[in-house]
Amino acid sequence: MSLAVLASRALCGMHAPEVLVEVHLAQGLPSFTIVGLPDAGVRESRERVRSAILSSGYTFPAGRLTANLAPADIPKESGRFDLPIALGVLLASGQLVLPEKMLRRTLADIIFAGELSLTGALVPVAAPLVIALAAARAGRSSHPASHPILILPMENARLAAAVPGLKVIGASTLREVAGHLDETAELAPVTAAIRSIAELPDEAAANEPPALCLSDVRGQQMACRALEVAASGSHGLLMSGPPGIGKSMLAQRLPGILPPLDENAAIEVAAIHSLRQRTVGFSRKVPMQAPHHSSTAAALIGGGSNPRPGQISLAHHGVLFLDELPEFQRHVLEALREPMETGEIHIARANRSVSYPCRFQLVAAMNPCPCGYLGSTHRVCRCTPEQIERYRARLSGPFLDRLDMLLQLSPPPQGWQQLPPAEPSGIVRQRVAQCRERQLQRQGRLNAQLTPNQMDRFCGTDTQAAQLLARAGVHWGWSARATHRVLRVARTIADMAGAEQIRAADLTEAMSFRQQLAR
């Protein structure tokens with residue numbers, strides 16, 4: 001045939017839209033043109049494909065070759081289209097002849113992605129999990145009874161094979177893929193690098209340090225209780241207090257009391273990280289990102305000329321810890337407002353628009369004043385009221401409204417070294433897991449993610465609690481959003497106690513976690 005059509009995938013954020021690689025061979029002066037909005041990396045495929053075909057023992061055709069990557073309005077980047085372009089050249093020139101059944105399946109079910117070296121070997125490509133997830137979703141919607149086939153370099157294939165509902169075939173060279181297609185040599189499906197993500201230990205599979213234990217904390221019982229409440233409902237938490245009383249210490253131990261990731265979450269987390277680095281692995285450990293306060297908006301939420309995921313997306317299904325919160329630039333913090341509500345970030349540029357998931361739990365720490373010693377028992381604060389007000393004004397009202405819990409930590413009492421340690425993280429994690437399971441069974445999501453309609457259904461209060469909430473909203477001047485935040489926290493406290501309805505005691509505790517910072 002003089003025309004060959006194969007399927008591949010482009011990358012657009014966490015999406016991998018389908019791309020048809022059409023290769024046409026016509027008579028004329030020898031030339032090789034790639035069209036369809038390719039970038040420099042794709043245009044350089046011409047030289048890699050030419051050398052790989054010759055090194056694999058085939059002949060590069062003498063004629064007018066045109067490779068079209070359709071649709072043409074999607075930007076194409078990197079070398080992942082080398083493999084389908086090379087196979088298209090072999091098919092169009094007649095050097096690769098497919099059986100009739102394979103010819104039918106090529107257009108329908110087989111997706112090719114792989115970069116070629118000059119020797120004809122397949123080089124791993126970036127984000128294989130994103131490609132695999134997109135192929136699996138498309139296969140479930142178009143062919144529910146059959147699994148789509150994905151052919152990747154061997155190193156990528158072992159990773160992509162963990163995605164359910166997908167048949168992954170790994171190859172090491174262009175010659176192997178061609179032999180598999182013309183049935184002169186068969187490639188067996190690849191088994192995943194791990195049998196099941198659910199079988200991984202809670203800590204990561206490869207040399208990850210164990211999570212820090214909550215039993216290291218002494219003398220901060222209320223803060224430990226607030227941390228457990230925040231973990232149980234995935235609530236945002238801001239801790240304020242003088243330096244050295246344990247704010248950062250508590251925040252760093254939050255991932256240790258969170259349940260391990262399930263299989264789908266672990267795959268999503270690995271897929272996001274694969275967009276930033278070539279080598280990734282699966283882990284059930286909850287991710288935690290702690291960017292420095294000098295981070296830019298692009299580093300935190302994602303961006304760049306070729307948009308990449310930021311820290312909030314790398315913290316998907318995990319914790320984002322912002323230490324020294326008022327030291328962040330104000331416009332950087334304001335950029336967090338929409339992602340905190342929606343769990344997704346949309347980045348628009350002149351030539352493309354991408355979306356990344358960012359369902360993170362925000363935990364932040366700050367000093368109560370510029371010098372840090374307001375409320376301290378061993379040093380005197382000399383900040384003026386104007387300085388304190390100016391310092392706290394770096395955090396806008398709309399930003400604070402989106403935090404569920406605002407906690408003022410007090411210095412521990414004298415002799416705190418002799419106080420008993422807090423409960424170990426393993427015991428607290430069991431209670432957190434039970435509380436979260438109760439929420440998922442009742443409403444299908446955690447309390448921090450409840451919609452207004454779901455709150456009407458699941459956040460019922462008794463008469464005393466309803467009156468208390470109404471009086472508190474008027475007294476403190478809460479917005480509707482802040483009122484809902486308090487009610488969500490109260491729902492979590494009731495779930496921790498196994499109560500079906502929010503009681504006045506639950507609401508009182510939730511209000512104490514909201515109002516201390518305001519005072």
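If you fit an axis through the alpha-carbon atoms of helix 480-496 and take the longest principal axis of the Cα set of the chain, what angle between them do you get, 0 to 90°, nearest 10?
Taking the Cα atoms of the chain, the angle to 480-496 is about 90 degrees.
What's the angle, to the nearest 10 degrees (0 to 90), between helix 82-92's Cα axis and the longest principal axis of the chain?
Roughly 30 degrees, rounded to the nearest 10.
What residues qualify as long-range amide H neighbours of Gln408, i.e. H under 5 Å apart, gap of 5 or more or another chain, H built at 1.01 Å from N?
Correct list: Ser240, Gln516, Leu517.
Counting alpha carbon pairs within less than 8 Å and at least 6 residues apart, what relative contact order, in whole percent, applies to the chain?
Rounded, it is 13 percent for the chain.
Please give the peptides 493-500, 85-92 ranked by average Cβ packing (other Cβ atoms within 10 Å per residue), highest first, as a rough proxy for protection.
Per-residue mean Cβ counts within 10 Å order the peptides as 85-92, 493-500.
Going toward the positive end of the dipole of the chain, with +1 on Lys and Arg Cβ and -1 on Asp and Glu Cβ, which of Ile257, Leu446, Leu487 do you reach last?
Leu487
Would you mind computing, in nm to one decimal, how far apart the modelled labels at Thr342 and Arg137 are, each placed 7 Å from Cα along Cα→Cβ?
It works out to 1.5 nm between the two label points.
Which aspartates and glutamates have a Cα lying under 19 Å from the Cα of Lys247, excluding residues fewer than 8 positions away in the same chain?
List returned: Asp216, Glu228, Asp323, Glu324, Glu327, Asp404, Glu423.
For the ranges 360-369, 380-389, 262-271, what's the packing order if you count other beta-carbon atoms within 10 Å of each residue, average per peptide, and put the highest first?
Output ranking for 360-369, 380-389, 262-271: 360-369, 262-271, 380-389.
P(r) of region 356-489 in 5 Å steps, Cα pairs, percent per bin?
2, 7, 11, 14, 16, 15, 15, 12, 6, 2, 0
Enter the angle in degrees (range 0 to 90, nearest 10) between the Cα long axis of helix 128-142 and the first principal axis of the Cα atoms of the chain, meaning the one along which they spread out most.
80 degrees
Of all beta bridges DSSP finds with both residues in region 1-139, what is the antiparallel percent, to the nearest 5?
Values: 17 of 24 bridges.
Beta bridges within region 1-139, antiparallel portion: roughly 70 percent.
To the nearest Å, what is the center-to-center distance of region 345-382 and region 260-333, using C-alpha atoms only?
14 Å
What distance in nm separates the simple spin-label points at Ser31 and Glu18, each placed 7 Å from Cα in the Cβ direction?
Output for this residue pair reads 3.1 nm.
On the accessible surface of the chain, probed at 1.4 Å, how many percent belong to carbon and sulfur atoms?
52 percent
How much of the DSSP bridge set in the chain is antiparallel, in percent, rounded to the nearest 5?
45 percent
State in Å² the accessible area per residue of region 357-450; use a 1.4 Å probe, count heavy atoms of protein chains only, and round to the nearest integer.
About 52 Å² of surface per residue is accessible.
Sort the following peptides by mean Cβ neighbour count (other Cβ atoms within 10 Å, averaged over residues), highest first: 117-123, 37-43, 155-161. Walk me through the intermediate numbers first.
Details: 117-123: 17.7, 37-43: 15.3, 155-161: 24.3.
Listed from highest to lowest mean packing, they are 155-161, 117-123, 37-43.
Take region 451-501, drop everything but the C-alpha atoms, weight them equally and run the Debye formula without solvent; then report log10 I(q)/I(0) at 0.21, 0.31 Å⁻¹ to two decimals.
Scattering profile of region 451-501, log10 relative to I(0): -0.77, -1.32.
Tell me which of Ala290, Ala138, Gly375 sits at the most positive position along the dipole axis of the chain, charges placed on C-beta atoms (Lys, Arg +1; Asp, Glu -1).
Gly375
When the convex hull of the C-alpha atoms of region 1-69 is computed, what volume per residue in Å³ does it have? Before the final figure, lay out the partial values.
Details: hull volume 6.9 nm³, N = 69.
Per residue, the Cα convex hull of region 1-69 comes to 100 Å³.
Taking every pair of distinct Cα atoms and averaging 1/r, then inverting, what Kirkwood hydrodynamic radius in Å comes out for region 242-282?
Value: 12.6 Å, from the Cα pair sum.
With P(r) over Cα pairs in 20 Å bins from 0, in percent defined as stated, name the option among [x] 20, 44, 25, 10, 0; [y] 21, 52, 25, 2; [z] 24, 55, 19, 2, 0 computed from the structure displayed.
From the options [x] 20, 44, 25, 10, 0; [y] 21, 52, 25, 2; [z] 24, 55, 19, 2, 0, the structure gives [x].
Could you size up the charge dipole of the chain around its Cα centre, putting +1 on the beta carbon of Lys and Arg and -1 on that of Asp and Glu, and report it in debye to the nearest 20?
Values: 52 positive and 44 negative charges, 178 e Å.
Once rounded to the nearest 20, the dipole reads 860 debye.
Mind checking which aspartates and glutamates have their Cα closer than 16 Å to the Cα of Lys167? Skip sequence neighbours fewer than 8 apart in that chain.
Answer for Lys167, where 16 Å is the Cα cut-off: Asp109, Glu155, Glu186, listed by chain and number.
For Ala364, what residues show an amide H to amide H distance below 5 Å, using hydrogens built from the backbone and excluding near sequence neighbours?
Placed amide hydrogens put Leu237, Leu238, Met239, Leu322 under 5 Å from Ala364.
For region 258-309, with every protein chain kept in place, what is the accessible area per residue (1.4 Å probe, Å²)?
On a per-residue basis, region 258-309 sits at 42 Å².
The values are calculated or read from the model by the stated rules, or taken from the named source; none is laboratory data. Keep in mind it's a predicted model, so treat the numbers as computed, not measured. All Cβ positions, glycine included, derive from the backbone under ideal geometry; neighbour counts span all protein chains shown. Side chains included, ligands, DNA and RNA excluded: accessible areas come from the protein's heavy atoms. Shrake-Rupley method; radii C 1.70, N 1.55, O 1.52, S 1.80 Å.
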